[in-house]
Amino acid sequence: MRSSAEGVDRQGRGRTHHDGSALYVPDQNPRLGAVVDVWLRTGPDVRAVHVRSIEDGEPRFAPATAERRGGELWWRAGILVRNPVTRYRFHVDGDWYTVLGRFAHDVPDETDFRLVAHHGLAPWTREAIVYQIFPDRFARSATAPATPDWAVRCDWDEPVDGRGPLASRQWYGGDLDGIARRLDHIQDLGADTVYLTPFFPARSNHRYDAVAFDRVDPLLGGDRALRRLADALHTRGMRLVGDLTTNHTGVEHPWFDQPDLYYMSADGGYESWLGVPSLPKLNWHSARLRRRFVTDADSIVRRWLRYLDGWRVDVANMTGRRAADDLTHEVSRLIAEAVRAARPDALLVAEHAHGAGADLDAGGWQGTMNYAGFLRPLWSWLRADDLDLPDFLGVPGGVPRRDGHALVRTMLLMMATMSWRAWTHSWNLLGSHDTARIRTVVGDLGRMEVAVGLLATLPGVPMMFAGDEFGLTGAGGEEARTPMPWRKSLQTLPWYGRLLSLRRKHPALRSGGLRFAHVDADAVAFWRETHDERLLILARRAPGTPVALSGTAEATNLYGGAPLTGDLPADGPTLQIWSCPP
């Protein structure tokens, strides 16, 4: 078997490669009925290439023509965009080439590349740098509302009760005006998009048990505070994304006395999220639910886009699914249509804690929170030797210890389940309000710098969880929802600003292709390339041996400080970025 993980390009040129970036697919927003050129680069010894595309379920073959560029051949073929999602692969001297690499045997069609002709997406939704805020724990304004009856008021520096009975009841009093006063900090990090976990009234500090969708929680400052925050962000050229729970509400939501909106039984029982009785499950068969939530002119999805620039959808993987019911794709398209009607340039990203490929490229969600294709493989590769978590994001047995080959194979396997468009619109994250903190996972600051470096340099939208930039710790979930340490005058870790600034400066890091140049147990090197720019990134978790890498003449170091003289540096942990002539 020839695979991308094994057949890496140590010369920087000449190996078989294709991805969905503009270097290989110049038309990034194909339309139905168009013929789109795709390019494959190979070494000079390849004799014949055909492209196989699927039209109405049937394979079609077209010969590719070659042009020589230096020591490479670049093969071009046209593909008819017959269907909203057109799958294709390459036939290279008798071998198949798909997202997973080049194989001398048949491989499943599910690993094919994809052209997506669904509605075009606004460029900012792929180029954003997202900063996630859990509002109760970020910052307080001068306002001090009375303690609600469900809550236990806490001093800002009081430890969180991560696994105790008070976990969802501890109330620290962060609000939206407090966030607005800290926008300099967020912008200085390099983020340009703020994502808020829910702001609707609820009976918990996390607010995923909404008791209303028609107003902002008064504890956060109410509707006017949301408007002030949105205005402050937009004045800076920044954006605001909300968090919408489409799978369930709180049991005290006024809708709950209307059985057609939920999964109810004749004896008064009801379905709930994972059996939690306070979170009854919405029934998307209900026409009334669809009108209220999505299709009415003043529906929940539409109304808040007066202030917001998009939605992150909570528990998207379960929305519309229950036993024999599977309405997820239908509901996602319905929501996407409403979002486009209200804000054609808005973002719509889905939460999936596992593989999301089957729910993407369906005309609904633009991308996912990339736990499966980024966070999980990265944690497994960079985890501290003494890490002791009870499970791996719900998987029993703790976080496994895996090498660089497993890291790359996992990313490629997950990438093969979706289009390049969906992958690059998905949010890469090192942690969130639902996970352990990245500092706890990796242990030392050297490996944390490597993690942040990969966040900034791999394809996908970087998303950071507020507090990670200070190196906050937490073993998971509630324990990681630590109030921001404003009073402690902690220094921001310098990598965030420097690395995210490089991402903003260099188009190759935002929209370039991805080719792996070297993979071993402790090191991964890869190219990010456009027509005009060629960057090499080395991520090393531990010291190793020098590795020869040609094709790097006149390389200029952009980050990390190590020269590139033909060998990849052996010191580690380290993150290095070089610019090479295109």
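Numbers at a glance
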quantity	calculated
Subset of region 329-346 (residues that are buried (at least 23 other Cβ atoms within 10 Å of the Cβ) and under 24 Å from ALA416 (Cβ atoms))	SER332
Filtered residue count, region 413-441, keeping only those that are closer than 18 Å to VAL25 by Cα and assigned to a helix (DSSP H, G or I)	6
The one condition in (1) buried (at least 20 other Cβ atoms within 10 Å of the Cβ); (2) under 30 Å from ARG60 (Cα atoms) that VAL194 fails to fulfil	(2)
Residue match in region 205-212 (condition: in the same structural domain as GLU351 (by TED's automatic domain parsing), crowded, with 24+ Cβ neighbours inside 10 Å, touching a residue at least 60 places away in the same chain (Cβ under 8 Å) and not in a loop (DSSP other than H, G, I, E, B))	no
Residues of region 119-139 satisfying the condition of being touching a helix residue (DSSP H, G or I) at 6+ places or on another chain (Cβ under 7 Å), part of a loop (DSSP other than H, G, I, E, B) and surrounded by fewer than 19 Cβ atoms within 10 Å (Cβ to Cβ)	HIS119
Leading residue by the ranking (surrounded by the most Cβ atoms within 10 Å (Cβ to Cβ)) among those in region 248-282 that are in a helix (DSSP H, G or I) and among the acidic types (Asp, Glu)	ASP260
Residues satisfying the stated conditions in region 57-97, i.e. over 31 Å from the mean Cα position of the chain (by Cα) and either not assigned by TED's automatic domain parsing to the domain that holds ASP112 or not in a strand (DSSP E or B) (or both)	ALA64, GLY70, GLY71, ASP93, GLY94
Candidates GLY363, GLY397 - the one that is at positive phi and modelled with pLDDT of 95 or more	GLY363
Positions within region 318-327 being assigned to a loop (DSSP other than H, G, I, E, B) and surrounded by fewer than 20 Cβ atoms within 10 Å (Cβ to Cβ), in sequence order	MET318, ALA323, ALA324, LEU327
Pairs where the first residue, in region 230-247, is surrounded by fewer than 18 Cβ atoms within 10 Å (Cβ to Cβ) and the second is assigned to a strand (DSSP E or B), C-beta under 8 Å, 6+ apart	HIS234/LEU240
Qualifying residue in region 330-347 (condition: touching a strand residue (DSSP E or B) at 6+ places or on another chain (Cβ under 6 Å), within 17 Å of THR295 (Cα to Cα) and outside any helix (DSSP H, G or I))	yes
Subset of region 355-381 that is free of Cβ contacts under 8 Å to residues at least 40 places away in the same chain and either basic (Lys, Arg) or in a helix (DSSP H, G or I) (or both) - its residue that is surrounded by the most Cβ atoms within 10 Å (Cβ to Cβ)	ARG376
Residues (farther than 27 Å from THR193 by Cβ and without any contact (Cβ under 8 Å) to a residue 24 or more places away in the chain) located in region 99-124	ASP106, VAL107, PRO108
Any hit, region 382-398, residues being outside any loop (DSSP other than H, G, I, E, B), in contact (Cβ under 8 Å) with a residue 24 or more places away in the chain and more than 20 Å from THR86 (Cβ to Cβ)	yes
Condition met for GLY269 (touching a residue at least 40 places away in the same chain (Cβ under 8 Å) and either in contact with a Ser or Thr (Cβ under 7 Å, 6 or more places away or on another chain) or small (Gly, Ala, Ser) (or both))	no
Qualifying residue in region 456-468 (condition: under 16 Å from the mean Cα position of the chain (by Cα) and either polar (S, T, N, Q) or in a helix (DSSP H, G or I) (or both))	yes
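The values are calculated or read from the model by the stated rules, or taken from the named source; none is laboratory data. The shown structure was predicted, so the numbers you read here are calculated from the model rather than taken from an experiment. Cβ: placed from backbone, ideal geometry, glycine included. Neighbour counts: every protein chain shown.
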